[in-house]
Amino acid sequence: MTRREAGPYILQIVGYKKRGKTTLVAALTRRLKAAGYSVGTIKHDAHDFTMDSPNTDTWKHQEAGADITAISSLRRSAFIRSRPQTLDELLGYMDDIDIVLVEGYKYERHPKLVLIRFEEDWQLLQELDSLLAAVVWPEINQAAVLNRTGDQALSDNSDVHGDEELPNYLIDDIDGLADFVNHRLHTHRKAAPLKS
């Protein structure tokens, strides 16, 4: 039987700091895993981070100057590089995954869910490309959303993806968001060429 060779569907979850991106990525990951998909995640950190603990063997390798350190056990593997990598480089590690949820990298080219929690978040609708839907916090006035001049209008769970309307979901509508993402993933897989 031939199968489709789609590569992973890449979906970015974007917004400003403290908007709920990590919580949404975790919720979607749980739903997609329950639906039987393999899921990868990538997190962009605008600051430095620590992924290893002092005095572990891998920490000692990195402290000694290793450019890349790998560790593997019976349950998992990890790589630590001593230089940043582009999103495309990171995605290259995930070519056998069904979907990759990318937290951040808001100016990259992949389809996006944008989180809108406060008034200043509206500018993202004008700044960003490849928007699929807005994920809106309840405190945002929906009536004001529809009447904004100069911005893309939002419509309640609309299927219209043009300049006039952008589908939106409440942040706590995980079922609706998971269905939306599942539909996009299914469409992506159907559009992929057949591999013999």
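We did not get these values from a lab; they are worked out from the coordinates using the rules stated. Since the structure is predicted, the reported quantities are computational estimates derived from the model, not experimental observations. Every residue, glycine among them, receives a Cβ derived from its backbone with ideal geometry; neighbour counts consider all protein chains shown.
Observations on the model:
- Placing R0 at 35 angstrom, the Cβ-Cβ distance between GLN85 and LYS33 gives a FRET efficiency of 0.90 after rounding to 0.05.
- The charge dipole of the stretch 67-109, taken about its Cα centre with unit charges on the Cβ of Lys, Arg, Asp and Glu (plus for the first two, minus for the last two), comes to roughly 240 debye.
- Chain lengthening between SER130 and ASP96 when straightened (0.36 nm per residue, less Cα-Cα): 9.9 nm
- Two-decimal Rg to Rh for the stretch 40-136 - Kirkwood Rh, Cα set: 1.06
- Violating pairs (Cα-Cα greater than 26 angstrom) within the set LYS33/LYS106; LYS17/LYS60; LYS33/LYS60; LYS21/LYS60: LYS17/LYS60; LYS33/LYS60; LYS21/LYS60
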